[in-house]
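The values are calculated or read from the model by the stated rules, or taken from the named source; none is laboratory data. All values reported here derive from a predicted model rather than from experimental measurement. All Cβ positions, glycine included, derive from the backbone under ideal geometry; neighbour counts span all protein chains shown. Ligands, DNA and RNA are stripped out before the accessible areas are found, and what is left, the full protein with its side chains, is counted by its heavy atoms. Shrake-Rupley method; radii C 1.70, N 1.55, O 1.52, S 1.80 Å.
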Amino acid sequence: MEFTVQDIVLHLTDNIELPENTVDQLITGSLAQRVTGIIIAFMPTQHVIEQAIKHGANLIIAHESPFYNHHSHTDWLASDPVYEHKGKMIDDASISIYRCHDIIHRFQPDGITEGLIRALGWSSYVEQRLPEADVLSFPEGSTAQAIAHHVKSSLGIDYVRVAGNAEIVCRRAAVLVGFRGNGHVTIPLIQNEQLDLIIAGEGFEWETPEYIRDAVQQGKSQALIMMGHAESEAPGMKLLADRLAERFPELSVRFVGEKPVYTVI
């Protein structure tokens, strides 16, 4: 049985109401193109595109844009050699790239958060699902430091960043993926949900981390773990790959991951 890009997109968007200003769109290629294989990724990096070509896949479904900005604008990249090289490679291989950002965040539950919670083995700890976060209750005696080590080992990453008191025992925590780690989201959560720990992808460094620093200096027992944006969201895209492989067994569906973008020196 053959499928077009349109068939896959219709499946992804089934029963999903997207906002008027959604960033989800076909960025390259054609909806009418017959799909030879699907690559799922956090972002269509150079490596991901090379893997698509290697495996004969002509559809990439990615959470983030290939072109280094949220709205996939390219006018500001005109004549940039990295952009031109990447664009030519995509065009030469006739690869369609579909952005699946708002869609997967509107799954019930949020597909990105669910993927991360599953990867961390914390499904049984989820006490409450909020639009912006999952609130967890940890087993007695769990310290922020032990939780940080668990995140590292479970996600297979070299480091996480910790602020605050790593020795505190954490009873309640919130998990926030991607760029949801900013103060206007995390600080009300800490107070409203009586949290000991925030576990987030990323956020402005002068917001939540500085709030946590002040809280600890005031004698409060609180901590923050930052995983990294891609590290927090890639598991959700891997879960999507598993689900698409089950839904479309006739197609080759692969998740392609990336190494962390930063090296700690």
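So what is the calculated 222 nm ellipticity per residue for the chain, using -39500 (n - 2.57) for each DSSP H run with n of 4 or more, over all residues, to the nearest 500 deg cm²/dmol? Intermediate values should be presented prior to the final figure.
Working: 9 runs with 95 residues, N = 265.
Mean residue ellipticity, 222 nm, calculated: -10500 deg cm²/dmol.
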Report task. In a Gaussian network model over the chain where Cα atoms closer than 10 Å are linked, find which of A230, A57, A93 has the largest mean-square fluctuation. Result -> A93
**Report entry** Read-out Rg/Rh (Cα atoms, Kirkwood Rh), derived from the coordinates shown; its label in [x] 1.13; [y] 1.00; [z] 0.93
**Finding:** [y]
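May I have the convex hull volume per residue, in Å³, for the Cα set of segment 56-171? Don't skip to the end; give the middle numbers.
Working: hull volume 19.5 nm³, N = 116.
Roughly 168 Å³ of hull volume per residue.
Just add up the charged neighbours of Y262: K/R +1, D/E -1, any other residue whose Cβ is under 13 Å from the Cβ of Y262.
Working: positive: R161, K259; negative: D158, E202, E231, E258.
Counting the neighbours of Y262, the net charge comes to -2.
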Report summary line: Residues whose built amide H sits under 5 Å from the amide H of L176, excluding neighbours closer than 5 in sequence, are I199, A200, G201
Query raised in the report: So what is the relative contact order of the chain, in percent, for Cα pairs below 8 Å that sit 6 or more residues apart?
Result: 20 percent
Query raised in the report: How high is the FRET efficiency from I53 to R118, r the C-beta distance, R0 35 Å, rounded to 0.05?
Result: 0.70
Report summary line: Candidates N182, N165, N192; GNM for the chain (alpha-carbon contacts under 10 Å) flags as most fluctuating N192
Query raised in the report: For segment 99-220, what ratio Rg/Rh do Cα atoms give with a Kirkwood hydrodynamic radius?
Result: 0.94
Query - Exposure of S124 as accessible area (Å², to 10), given a probe of 1.4 Å and all protein chains - result: 100 Å²
Report task. Kindly report the accessible area of the chain per residue (heavy atoms of protein chains, probe 1.4 Å, no ligands, DNA or RNA), in Å². Result -> 50 Å²
Report task. Return the tail of the calculated pair distribution for segment 177-232, meaning the percent of Cα-Cα pairs more than 15 Å apart. Result -> 41 percent
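Report the antiparallel proportion of the DSSP beta bridges in segment 108-265 as a percent, rounded to a multiple of 5.
On the way: 12 of 20 bridges.
Just about 60 percent of them are antiparallel.
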Query raised in the report: Ignoring ligands, DNA and RNA, what percent of the accessible area of the chain is carbon or sulfur (1.4 Å)?
Result: 50 percent
Requested in this report: Would you mind checking the tilt of helix 229-247 against the longest principal axis of the Cα atoms of the chain, expressed as 0 to 90 degrees and rounded to 10?
Outcome: 50 degrees
Report summary line: With Q194 itself left out, Lys, Arg at +1 and Asp, Glu at -1 over residues whose Cβ is under 13 Å from its Cβ give 0
**Report entry** Relative contact order of segment 53-103, pairs being alpha-carbon contacts under 8 Å that are 6 or more residues apart, as %
**Finding:** 58 percent
